[in-house]
Amino acid sequence: MNDIASGSWTLARDAEGLAWLTIDKPGTSANVLSSGVLAELDGLLAALERDRPRGVVVISAKKSGFIAGADIREFTGITDAASGYELIHRGQEVLNRLSRLPCPSVAAIHGFALGGGLELALACRYRVGVADDRLSLGLPEVQLGIHPGFGGTVRSVRTVGVRPAMEMMLTGKPVRAEKARRLGLVDRLVPEAELRSAARELLLAAPAPPPRRAPLVERLLGSAPLRPLVRHSLTGQVARRARREHYPAPYAIIELWARYGAHGDAALEAEARSIAQLFTTESSRNLVRVFLLQDRLKSAGGRSGADIRHVHVVGAGVMGGDIAAWSALRGFTVTLQDRAMELVEPALMRARELFGKRLRDPAQISAARGRLAADVAGDAVARADVVIEAIFESLEAKQELYGRIEPRMKPGALLATNTSSLMLEPLAAKLARPERLVGLHFFNPVPQMPLVEIVHAERTDPAVVQTATGFARRIDKLPLPCRSAPGFMVNRVLTPYMHEAMLAAQEGVPLPVIDAAAVAFGMPMGPIELIDVVGLDVAAHVGEIIARGLGRQGVEVRRLRELLAAKQLGRKSGQGFYVWRDGKAVKPAGAAAPAPPDLIDRLILILVNECAACLRERIVEDADLVDAAVVFGAGFAPFRGGPLRYARSRGVAAVVARLKELSARYGERFQPDPGWNAIERAVTD
């Protein structure tokens, strides 16, 4: 039989009677299961039913991996539950057809098999994976406010059992090679060169090994008498992490299993109906939007920054040390400079801890440690491709440092600053080449926070901005192009949010009540706790710089001044607004008290109003980037889609009216920004 090519798929038969279904979606770096790709597969499966082979291998021709999942962009075209059900049901039917082929099938997996990609693999009788660190198998749909829809809620439980399957679906976290083998997600792990031969061996084995089933204890947990107990336990675990009204998807996953036990066609039909309903929720629509915003940031930079190999960081404090460690973890040669070795050593210790947590292979840990070296004298400045300054927020100190560093830098090197609030124009005033100064503003903690603000001034060379953007992508961060302005984007909008929280506390609202209100809205932590984490000295200093730069008169917070005078600086000193023990805030009783009626609007709308100002001033290019900045840089509730998305869903006119009410009651700081007029016109148009 001749090869059959069908857009994204090729069907070929070998001399042993095996059919090889190879996916290679044109024009993309990764395979995704769009409606068209699934329709093509359906046609090829029909051909295999008519002319039965000895076995079928599903394999990817992409270097990146197997299949990354469904085509998320198609989700934005779902208008109601009926159209969502139609999309999902079609996909289910194709994978059901694969699972019912009258011959054995095997998915040969390298790299990743995520979401719909893993669901397709689970529809095969066997799975073979490449035994390396790149293998990543997961069901991350919950991060989009939905759950698996192509049979994954059923087949994952049947294959590995309720507890492992629920852990994958409820957290969205992937599993790596050895754990995948141990769970039974893959039947065999082999070197990449042996992937095809291992798939062939499984199909030609006589007698064929039975398909994987969940262990007996997992099957017992899925029995009707025990399911209510397991359901109760799982629901409690989810409730500690996410509110049902904010994130309904994990609760829907549990309910599906509890009702149907991952058995029969009824379970698959219920899965399709459930995900179709979730598609229509505000939570899912916003989480899909956030995913696409992330994709937009990931696509920036291209091949720029490919020549950067050596990173030199000046300043071995928490930020500088962690930037250096992260860069070394991501494969760069890194040198770290400070005034004395005793200032560098704590950063090296933190780096070793990071390498131990993120890398499993002792050889990789050793290699990462070998890429990071102390350089107190700064000798490596002359050979570095990028020099990142991460010293304290002082214009004079930074200018003095640049005066010593710039003459020693090689011509093509970037000079980057991690300043969190100072504008680039005064920083560059004394440079011989001000056009090569760029902001690389990381967020704390560096290993966890995905965003980096790429700050440019009017004189910054666009090629320098592009190179800095490419470098941020190479260290697996999300680059946000940002104009030089007081506080840039993220700190600019966080400052009034934190300040308003302190003013509410000054008025007598208990600290835990303030924090609980923000967390109930969906923020990752409350603003008072955030101030303690940032450091009261840092928060106060950055706030002063931003207020001065914007020409604003601040309202003094007496308690902040008292704590600063007593050197009670927050988590790093063991006490700030809260006492800190073992890295956690000790919150006094009072969190259960009701919040004042205006509190959440005071906290959130003052932040949202500042976002409107940033858009009007074009600190970033458009409203989508405003939302991306505050979601990825400040943790703004992802299920709300970002602050401007939240304002639109609430109604721009209603937000402006509410700001006027708050302004009349609490002061001019709530006066609606003129930028709302353009936002309202854009919504109307």
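The values are calculated or read from the model by the stated rules, or taken from the named source; none is laboratory data. It should be emphasised that the depicted structure is a prediction, and the values quoted were computed from it without experimental measurement. Note: ideal-geometry Cβ built from the backbone for every residue, glycine included; neighbour counts use all protein chains shown.
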Q: Kindly indicate whether VAL452 is on the phi < 0 side of the Ramachandran plot, in contact with a helix residue (DSSP H, G or I) (Cβ under 6 Å, 6 or more places away or on another chain) and in a strand (DSSP E or B).
A: yes
Q) Is it true that some residue in region 195-217 is in the same structural domain as GLY55 (by TED's automatic domain parsing), touching a Ser or Thr at 6+ places or on another chain (Cβ under 6 Å) and at pLDDT below 90? A) yes
Q: State yes or no: is THR171 free of Cβ contacts under 8 Å to residues at least 60 places away in the same chain, polar (S, T, N, Q) and in the same structural domain as LEU204 (by TED's automatic domain parsing)?
A: yes
Q. Is at least one residue of region 18-26 under 30 Å from HIS147 (Cα atoms), crowded, with 19+ Cβ neighbours inside 10 Å and either aliphatic (A, V, I, L, M) or in contact (Cβ under 8 Å) with a residue 60 or more places away in the chain (or both)?
A. yes
(Q) Suppose the filter is more than 20 Å from ARG73 (Cα to Cα), part of a loop (DSSP other than H, G, I, E, B) and among the basic types (Lys, Arg); does ARG303 pass it? (A) yes
Q: Considering each residue of region 173-190, count those that are touching a strand residue (DSSP E or B) at 6+ places or on another chain (Cβ under 7 Å) and not in a helix (DSSP H, G or I), and give that number.
A: 10
Q) Listed residues ARG155, ARG196; which is touching a helix residue (DSSP H, G or I) at 6+ places or on another chain (Cβ under 9 Å), over 23 Å from ALA242 (Cα atoms) and in a helix (DSSP H, G or I)? A) ARG155
Q.
Being modelled with pLDDT of 95 or more and either on the phi < 0 side of the Ramachandran plot or over 30 Å from the mean Cα position of the chain (by Cα) (or both) narrows it down to one residue among GLY675, GLY651, GLY590, GLY642; which is it?
A. GLY675
(Q) I'm checking my understanding of the structure. Among residues of region 435-471 that are among the charged types (D, E, K, R) and without any contact (Cβ under 8 Å) to a residue 60 or more places away in the chain, which one is nearest to ARG358 (Cα to Cα)? (A) ARG436
Q) Within region 491-499, is even one residue under 29 Å from ARG669 (Cβ atoms) and not in a helix (DSSP H, G or I)? A) no
Q: Kindly indicate the residue of region 611-635 that is farther than 19 Å from PHE291 by Cβ and touching a Phe, Trp or Tyr at 6+ places or on another chain (Cβ under 8 Å) and also surrounded by the fewest Cβ atoms within 10 Å (Cβ to Cβ) among those meeting that condition.
A: ILE619
Q. Which residue pairs have Cβ atoms closer than 6 Å, lie 6 or more positions apart in sequence or on different chains, and pair a first residue in region 231-245 that is among the charged types (D, E, K, R) with a second residue that is in a helix (DSSP H, G or I) and at pLDDT 95 or above?
A. ARG231/ILE254; ARG231/ALA258; ARG244/TYR251
Q) Does region 356-368 include one or more residues that are more than 20 Å from PHE332 (Cα to Cα) and at pLDDT 95 or above? A) no
Q | Single residue of region 442-474 satisfying the filter (closer than 19 Å to ASN491 by Cβ and in contact with a Ser or Thr (Cβ under 6 Å, 6 or more places away or on another chain)) that is surrounded by the fewest Cβ atoms within 10 Å (Cβ to Cβ) | A | ALA457
Q.
Within region 420-434, does at least one residue satisfy the condition of being within 17 Å of GLY301 (Cβ to Cβ), assigned to a loop (DSSP other than H, G, I, E, B) and either in contact (Cβ under 8 Å) with a residue 12 or more places away in the chain or of a type outside the set (Lys, Arg) (or both)?
A. no
**Q.** Failed criterion for ALA113 (all others in (1) assigned to a strand (DSSP E or B); (2) more than 21 Å from ILE146 (Cβ to Cβ); (3) of a type in the set (A, V, I, L, M) hold)
**A.** (2)
Q) Does PRO524 count as surrounded by fewer than 23 Cβ atoms within 10 Å (Cβ to Cβ), under 20 Å from the mean Cα position of the chain (by Cα) and at pLDDT below 95? A) yes
Q | All positions within region 618-632 that are over 15 Å from GLY522 (Cα atoms) and not charged (D, E, K, R) | A | ILE619, VAL620, ALA623, LEU625, VAL626, ALA628, ALA629
Q) Filtering region 485-495 down to residues that are surrounded by 23 or more Cβ atoms within 10 Å (Cβ to Cβ) and out of contact with any Ser or Thr (no Cβ under 6 Å at 6 or more places or on another chain), which residue is farthest from ALA517 (Cα to Cα)? A) PHE488
Q. Restricting to region 661-677, what's the tally of residues that are in contact (Cβ under 8 Å) with a residue 60 or more places away in the chain, surrounded by 13 or more Cβ atoms within 10 Å (Cβ to Cβ) and part of a helix (DSSP H, G or I)?
A. 6
Q: Would you be able to tell me the number of residues in region 468-486 that are hydrophobic (A, V, I, L, M, F, W, C) and assigned to a helix (DSSP H, G or I)?
A: 3
Q: Answer yes or no as to whether LEU139 is within 22 Å of the chain's Cα centre (by Cα) and surrounded by 24 or more Cβ atoms within 10 Å (Cβ to Cβ).
A: yes
Q: Go through region 325-376 residue by residue and tally those that are among the β-branched types (Val, Ile, Thr), without any contact (Cβ under 8 Å) to a residue 40 or more places away in the chain and closer than 26 Å to TYR402 by Cβ.
A: 4
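Rundown of residues vs (1) of a type outside the set (Val, Ile, Thr); (2) under 23 Å from ALA70 (Cα atoms); (3) surrounded by 15 or more Cβ atoms within 10 Å (Cβ to Cβ), yes/no style:
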position: GLY236; (1), (2), (3): yes, no, no
position: ARG244; (1), (2), (3): yes, no, no
position: TRP257; (1), (2), (3): yes, yes, yes
position: ALA262; (1), (2), (3): yes, yes, yes
position: PHE279; (1), (2), (3): yes, yes, yes
position: GLY302; (1), (2), (3): yes, no, no
position: ALA306; (1), (2), (3): yes, no, no
position: HIS312; (1), (2), (3): yes, no, yes
Q) Looking at (1) aliphatic (A, V, I, L, M); (2) within 28 Å of the chain's Cα centre (by Cα); (3) more than 20 Å from VAL334 (Cβ to Cβ), which is the one condition that is false for LEU427? A) (2)
Q | Selection from region 377-394 of residues that are at pLDDT 95 or above and either surrounded by fewer than 16 Cβ atoms within 10 Å (Cβ to Cβ) or assigned to a helix (DSSP H, G or I) (or both) | A | ALA377, ASP379, ALA380, VAL381, ALA382, ARG383
**Q.** Test: residue in region 251-264 that is part of a loop (DSSP other than H, G, I, E, B) and at positive phi
**A.** yes
